[in-house]
Every structure is written in structure tokens, then in C-alpha cells.
């Protein structure tokens with residue numbers, strides 16, 4: 001009798017427990033389905049983040065170089081709505097504060113150029129503590145040993161003007177933290193220099209050219225002037241004849257085109273830049289840059305002895321002179337990176353960069369058989385923001401009294417990021433399969 005009583009009392013409770021459990025499971029399943037539906041909607045919607053808002057000015061044209069963006073190996077890649085890995089444009093981003101500075105100093109780099117030793121000449125060192133942060137990925141910091149292992153047994157040449165030399169000086173300092181380079185050749189004025197890294201059998205070269213094409217100073221009254229005569233359809237043999245045997249070439253330039261220039265094609269003068277009053281056709285700087293760059297890239301593409309050459313074009317970087325220029329008292333005394341609102345949408349740097357990307361894309365489309373490969377180191381926006389990192393009046397004392405340098409970059413400094421990008425691009429795109 002007692003057991004029957006217990007059954008009658010407990011039975012309804014057991015049924016209530018079973019029904020409650022089923023109801024709870026149903027609610028959980030419905031909630032999960034609703035959550036997944038919301039997530040799917042959000043990942044397919046163009047959400048605006050703080051990063052997006054801060055980078056709406058200016059609107060940077062897309063990098064069409066074909067260089068795949070880089071992800072930090074220590075972080076997860078960004079995924080698109082369909083689950084595929086998203087490509088990240090490393091040319092878009094911002095400078096963020098960084099606790100650590102460069103891996104080298106003026107005391108630890110054996111090839112350190114005194115002309116870029118801004119700290120020695122009194123410049124505040126706050127410009128060192130910034131890192132370029134792309135909007136949706138990371139560029140890993142430069143690792144000298146990794147770079148040297150990738151280029152083992154190779155030759156790399158930097159072809160351009162004094163900013164190309166500025167870049168190679170930065171790279172030399174970075175690499176010297178793993179291996180001390182040995183200078184093996186130098187011309188009388190230091191415009192063609194070669195260094196060698198014996199343990200890695202790696203050769204690093206700098207080749208001077210103002211315009212990529214044939215150029216000579218214009219002679220006025222028997223004296224070489226500051227203006228030039230350039231042949232837009234003839235590549236300069238000074239660097240071109242040294243190209244065979246080079247495995248990686250890094251081209252850069254553009255700043256010399258703002259001088260007075262007389263232009264030639266097929267041996268005839270066709271016009272000029274900055275030559276008002278001479279009754280000649282005035283050419284735009286950007287048109288001239290395009291023609292000269294196209295001549296250089298076409299030569300590289302058709303070079304019969306350049307099998308397997310990988311060519312990078314480092315995009316244009318503008319100066320930051322304020323209230324004047326080189327010879328008219330211009331200066332650059334900023335102490336932190338510029339706010340993006342200070343970048344002018346009509347700055348000619350954007351147009352030069354656009355031309356550079358278009359010409360690289362043009363030569364890539366012409367390539368066949370995989371003999372030649374082309375890429376871009378897109379640094380234009382990043383460097384437009386770094387008005388704080390030029391020597392200014394903090395450089396060699398013999399020049400200090402005359403002009404401020406608001407074109408070249410202090411070492412260490414943001415120019416080291418160019419090597420970060422070069423290494424990341426080599427790792428991602430140009431390693432042997």
C-alpha cells in the first residue's frame with residue numbers, strides 16, 4: 001500500500017520533469033538557430049568599424065599590383081562571409097604607438113650613414129616608437145636571419161636615386177644584426193656600390209639613376225646646369241647593363257622629374273618640364289614619369305639575360321617641406337605622425353602612385369611563360385603621414401647651415417617598414433614553389 005501511494009505522488013512529478021526537459025531543449029535549439037541567422041546577416045553586411053571611419057579620408061585607390069597581402073603568422077587570418085581568407089591591402093592603415101624601437105641603432109650598424117644619423121645631431125627620438133598597422137592584417141617585424149635565408153645565393157639590386165640609397169642603407173643596418181656585410185666594390189662617387197654576405201652567399205647592390213632613362217645635365221654657356229636632357233625612349237645603360245645575373249630588383253624614383261627637363265624621343269626634342277618662356281611644349285610631370293617608367297619596365301620584361309628576375313616597384317614618397325622648399329627656407333619640425341585629415345586628396349603623390357601601379361599591371365599583363373615576375377611595395381600613404389621622421393636640420397653639420405632635409409628619412413625610422421614589407425612580400429609571393 002505504501003509503494004502504491006508513492007507511485008501516485010511521484011509519477012506526475014516525473015512526467016513534469018520530462019516535459020520540462022523537452023521544452024528546454026526546444027528553446028535552446030531555437031535560440032541557437034536565431035543566433036546563427038543573425039551572425040550570417042551581420043557577416044554579410046558592410047559594417048563600419050572605428051578603423052574604417054578613421055581611414056575614409058583620403059580614399060586610397062586600390063592596389064592593383066597583384067601582390068597578395070600578408071598575415072602575421074602568429075594571428076588568425078581574416079575570413080570573409082563565405083569562409084574564404086580575405087586579402088588585406090597593406091597600403092591602407094595607420095601608425096600606432098609602439099613601445100619598442102628598431103632592432104638596430106647608430107652604434108650597432110657597421111654601415112650606418114652619418115647623413116641619416118638624426119639622433120646624433122639632436123633630433124628628438126619620439127619618431128622611433130611607431131608601427132605601421134594595416135587595417136585588417138599585420139606586417140611582421142623584420143627578421144634578418146629569415147631574410148638572409150630566403151635570398152641565400154641570390155643577388156638583389158636597388159635601382160633609383162638617393163631614396164633608393166636611403167632604403168638600402170636601412171636594409172643593410174637591419175641585416176647587419178645577423179651578419180656583417182662586406183663592401184666589395186664602389187665607384188668613385190659612391191653611386192654604384194656592392195656588398196656581400198659570405199655565409200649566405202648573398203650580394204646586395206645599389207645602382208644610381210635619376211630617371212631610369214638616358215639623362216645628362218643640360219650644358220649652358222659651357223657649364224653643366226641643374227636641368228637635364230632625358231631620352232624617354234632609351235633606357236639608361238648605366239644600370240641596365242648590370243641587370244643580367246640579378247635575381248631581385250627594387251626600382252624607385254620620381255622626385256627628380258620636378259626639375260627643369262628637356263625631353264627627347266627618337267633623338268628629337270619633343271618638349272620640356274618647367275621651361276616656361278622657351279617656346280616649347282610643356283609636359284606634365286606625371287606624363288613624363290609614365291613614359292620613362294614604361295621604357296624601364298619594357299626593357300626589364302624583354303631582357304634576354306634576365307631569366308627568373310623578380311622586380312619590385314617601390315611607390316612614390318613625397319617630401320614634407322613647409323613654408324618653402326629645399327632652397328627657400330622650407331622646414332619640417334613635426335614631432336608626431338600627421339592626422340589623415342592633413343593628407344590632401346589632390347596631392348600629386350596619389351597620381352604618381354596610380355601611374356606606377358598601372359604601369360606595373362600593364363607589364364604583368366604582357367608577361368608570358370612565367371619568365372618575369374613583378375610586384376609593388378606600396379608605401380605612399382604610410383610615408384605621407386610621417387612628416388616627423390625626416391632629418392630636417394638634424395643632419396651633417398657642413399650642410400646644416402644651408403638647407404633642411406625634408407625628403408630623406410632618419411635611420412632608424414619609418415623607412416625600416418619598407419624592409420618589413422619587402423620580406424613579407426618575398427615570403428608570401430616569390431618563394432620557389
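Which one of 307, 266 is surrounded by fewer than 19 Cβ atoms within 10 Å (Cβ to Cβ) and closer than 30 Å to residue 154 by Cα?
Details: 266 fails: closer than 30 Å to residue 154 by Cα.
After applying the criteria, what remains is 307.
Looking at residue 257, is it in the same structural domain as residue 282 (by TED's automatic domain parsing), free of Cβ contacts under 8 Å to residues at least 60 places away in the same chain and either under 27 Å from residue 378 (Cα atoms) or in contact with a helix residue (DSSP H, G or I) (Cβ under 7 Å, 6 or more places away or on another chain) (or both)?
Criteria met by residue 257.
Could you go through the stretch 171-187 and let me know if any residue there is assigned by TED's automatic domain parsing to the domain that holds residue 421, in a loop (DSSP other than H, G, I, E, B) and free of Cβ contacts under 8 Å to residues at least 12 places away in the same chain.
yes
Can you tell which of 232, 293 is touching a helix residue (DSSP H, G or I) at 6+ places or on another chain (Cβ under 6 Å), in a strand (DSSP E or B) and either surrounded by 15 or more Cβ atoms within 10 Å (Cβ to Cβ) or not assigned by TED's automatic domain parsing to the domain that holds residue 158 (or both)?
After applying the criteria, what remains is 232.
Could you list, in sequence order, all residues of the stretch 204-228 that are touching a residue at least 40 places away in the same chain (Cβ under 8 Å) and either part of a strand (DSSP E or B) or outside the structural domain of residue 262 (by TED's automatic domain parsing) (or both)?
204, 205, 206, 207, 208, 213, 218, 227
Restrict the check to the stretch 129-142 and report whether at least one residue is closer than 27 Å to residue 378 by Cβ, touching a helix residue (DSSP H, G or I) at 6+ places or on another chain (Cβ under 6 Å), assigned by TED's automatic domain parsing to the domain that holds residue 319 and modelled with pLDDT of 95 or more.
Scanning the stretch 129-142, I find at least one residue that is closer than 27 Å to residue 378 by Cβ, touching a helix residue (DSSP H, G or I) at 6+ places or on another chain (Cβ under 6 Å), assigned by TED's automatic domain parsing to the domain that holds residue 319 and modelled with pLDDT of 95 or more, so the answer is yes.
Can you pull out the helices (runs of 4 or more DSSP H) entirely within the stretch 306-424 that have at least 1 residues that are out of contact with any helix residue (DSSP H, G or I) (no Cβ under 7 Å at 6 or more places or on another chain), more than 24 Å from residue 91 (Cβ to Cβ) and in the same structural domain as residue 124 (by TED's automatic domain parsing)?
Per the criteria, 397-400.
When the residues of the stretch 340-350 are filtered to those that are surrounded by 11 or more Cβ atoms within 10 Å (Cβ to Cβ) and out of contact with any strand residue (DSSP E or B) (no Cβ under 8 Å at 6 or more places or on another chain), which remaining residue is modelled with the lowest pLDDT?
344
Restricting attention to the stretch 116-130, which residues are surrounded by 19 or more Cβ atoms within 10 Å (Cβ to Cβ) and outside any loop (DSSP other than H, G, I, E, B)?
Scanning the stretch 116-130 gives 116, 127, 128, 130.
Every residue, every condition in (1) farther than 30 Å from residue 212 by Cα; (2) touching a helix residue (DSSP H, G or I) at 6+ places or on another chain (Cβ under 9 Å); (3) at pLDDT 50 or above; (4) surrounded by 15 or more Cβ atoms within 10 Å (Cβ to Cβ), yes or no:
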position	(1), (2), (3), (4)
70	no, yes, no, yes
108	yes, yes, yes, no
114	no, no, yes, no
151	no, yes, yes, yes
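Any residue at all in the stretch 132-153 that is touching a strand residue (DSSP E or B) at 6+ places or on another chain (Cβ under 6 Å) and without any contact (Cβ under 8 Å) to a residue 24 or more places away in the chain?
No.
Could you tell me whether residue 282 is free of Cβ contacts under 8 Å to residues at least 40 places away in the same chain, in the same structural domain as residue 163 (by TED's automatic domain parsing) and either surrounded by 13 or more Cβ atoms within 10 Å (Cβ to Cβ) or on the phi > 0 side of the Ramachandran plot (or both)? Spell out how you get there, then give the answer.
On the way: free of Cβ contacts under 8 Å to residues at least 40 places away in the same chain: yes; in the same structural domain as residue 163 (by TED's automatic domain parsing): yes; either surrounded by 13 or more Cβ atoms within 10 Å (Cβ to Cβ) or on the phi > 0 side of the Ramachandran plot (or both): no.
No.
For residue 362, state whether it is closer than 20 Å to residue 102 by Cα and surrounded by fewer than 22 Cβ atoms within 10 Å (Cβ to Cβ).
no
The values are calculated or read from the model by the stated rules, or taken from the named source; none is laboratory data. Every value quoted in this text rests on a predicted model; they were computed, and no experiment measured them. Ideal geometry is used to build each Cβ from the backbone, glycine not excepted, and the neighbour counts take in all protein chains shown.
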